[in-house]
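Following: one structure in structure tokens, then a few remarks.
The values are calculated or read from the model by the stated rules, or taken from the named source; none is laboratory data. Remember, predicted model here, so these are calculated numbers, not experimental data. Here the Cβ positions follow ideal geometry from the backbone for every residue, glycine too, while neighbour counts run over all protein chains shown. Side chains included, ligands, DNA and RNA excluded: accessible areas come from the protein's heavy atoms. Shrake-Rupley method; radii C 1.70, N 1.55, O 1.52, S 1.80 Å.
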Amino acid sequence: MSLKEKLVSSFLAFDDHLEDDSPIHDIRTKAINNFEENGFPTKKEEDWKYTSLKPILKDNYSIFPKGENTVELKDVKQYFLHDIDTFKVVFIDGAYSSFLSETTHDNMDICLFSSALKNDKYSASIETYYNKIAGEDSLTSLNTAFAKEGAYINIPKNKEVEKPIEIINFVTGKEEALMAQPRNLIIVGENAHVQIIERHQSLTGNAVLTNSVTEIFIEKRGYLDFYKIQNNNSTASLIDSTFISQEQDSNCFVHTFSLGGKLTRNNLKFSQNGEHCDSTLKGITILKEKQHVDHNTLVQHIAPNCESHQDYKGLYADKSTGVFNGKVVVEKEAQKTNAFQQNNNILIDDKATVNAKPQLEIFADDVKCSHGCTIGQFDEEALFYLRSRGIAKKEAQALLMYAFANTVLESVKIPALKTRINAIIAEKIGVSIGFNV
């Protein structure tokens, strides 16, 4: 039985355990039917031209964890931010961990998707949001069908959240390969400000496939600073789909740090629905061995007088593969748009590969749009200069890597997180440098 057939047949048993009056029952059914019809995406589809899922679909994944897996704080505290107080929403194999979490209901909601769904105060709005992307693509449909838990964050009007929120999904899979389907819904109210950090982390060497979906809605003049930390084990794969809808005068910053894992696919889609929206997408990718990361971005400029800025940097060693497929669409009504897109890559080894496909689709005539892409190796003159000053080759290369990534690192607004990212990057390139970029 193929994984697709296993998932479709498992849905019936899964659906039987859900309440019949669930407001999303019909949506789940439509979603699994959509997945059954379309299946997993293949390289025949243009958006998946450079990424094949075949290598990760061969494992016999368990759809539901067997038994209860307990995780102690000492086992996972290294994955939390230190030297800073945060709200924490932690899940272990898809189940909420009250022991590791710190949530609140103090004039805002940082809680569970399942709890919010059962509350009449939220269920109607959740159904509306949930239904918007139920049929977006087959993988989103798969998540819609099976997702039963995740984070629900609702920041009310004029609220400035005093500390960052961490959403962390731990997967144990101690005795088996495991497939997870987390679902998050984030609503940033009018004039509200919030910082969120999201991380998916496998704790074992067994095969793990996480198919995550996050929906984000930012109201007028809302502000969201969002960070994705992807530093998984070499046997863990992640498909991360994030859909962001912005209203008038809102600001959204998304930083994606792809630093580990077997296969990572990031689908990041922005929709600018009101005037004077500002969207910033930045990313750093550092890969080695046969790791594969695919960044698929889309910014839809629908309203006039908006801006978007994309800046992705990649460092690829050994036989690793990077993909950047970035698209900017400027609709006819989106006059006075200012859109910038840049993707720069360094191939550390000759057998590393990068496939880049920057795209602009412009239907307005009064815009300022640009895009660019570079793929190359270390600047030999700069390397020679550093080595002539007594710096060893490995450390000289590390300095150039840090300088290369600096345009992304310098815009991280949480000092404790910036320190953590710097430490991870130093570990990845195998040196210890006594400064923060």
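Per-structure values
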read-out	value
Heavy-atom accessible surface of the range 358-407: percent carbon and sulfur, 1.4 Å	52 percent
J(HN,Hα) series, the range 291-301, from Karplus relation 6.51 cos²θ - 1.76 cosθ + 1.60, nearest Hz, glycine and proline x	5, 9, 10, 10, 9, 10, 10, 8, 10, 9, 8
Among 8, 214, 400 - extreme Cα towards positive end, dipole of the chain, charges at beta-carbon	400
Nitroxide proxy distance, nm - points 7 Å out along Cα→Cβ at residue 57 and residue 350	3.5 nm
Phi-based couplings in Hz for the range 27-39 (Karplus 6.51, -1.76, 1.60; Gly and Pro marked x)	5, 4, 5, 4, 5, 5, 5, 5, 5, 4, 6, 9, x
√(5λ) per eigenvalue of the Cα gyration tensor, the range 284-364, largest first, Å	31, 10, 8
For the range 385-402, Karplus couplings with θ = phi - 60° (6.51, -1.76, 1.60), whole Hz, Gly/Pro x	4, 5, 5, 5, 9, x, 8, 4, 4, 4, 5, 5, 4, 4, 4, 5, 5, 4
With at most 11 other Cβ atoms within 10 Å, longest stretch of the chain clear of loop chymotrypsin sites (Phe, Trp or Tyr not before Pro) (DSSP)	100-434
Backbone N under 14 Å from the residue 374 label point (7 Å along Cα→Cβ), restricted to the range 308-350	312-315, 342-347
Amide H within-cut-off set for residue 187, under 5 Å, with H built and near neighbours excluded	153, 154, 155, 217
Long-range amide H partners of residue 335 with built H, under 5 Å	305
Correct choice for Cα extents along the principal axes in Å that was computed from the model, options (i) 57, 55, 39; (ii) 138, 86, 32; (iii) 71, 55, 47	(iii)
Amide H within-cut-off set for residue 375, under 5 Å, with H built and near neighbours excluded	345
Extension gain (nm, one decimal) between residue 275 and residue 319, 0.36 nm per residue minus Cα-Cα	11.4 nm
Difference of contour (0.36 nm per residue) and Cα-Cα distance, residue 83 to residue 46	8.9 nm
Rg(Cα)/(2.2 N^0.38 Å) for the range 295-437, N = residue count	1.24
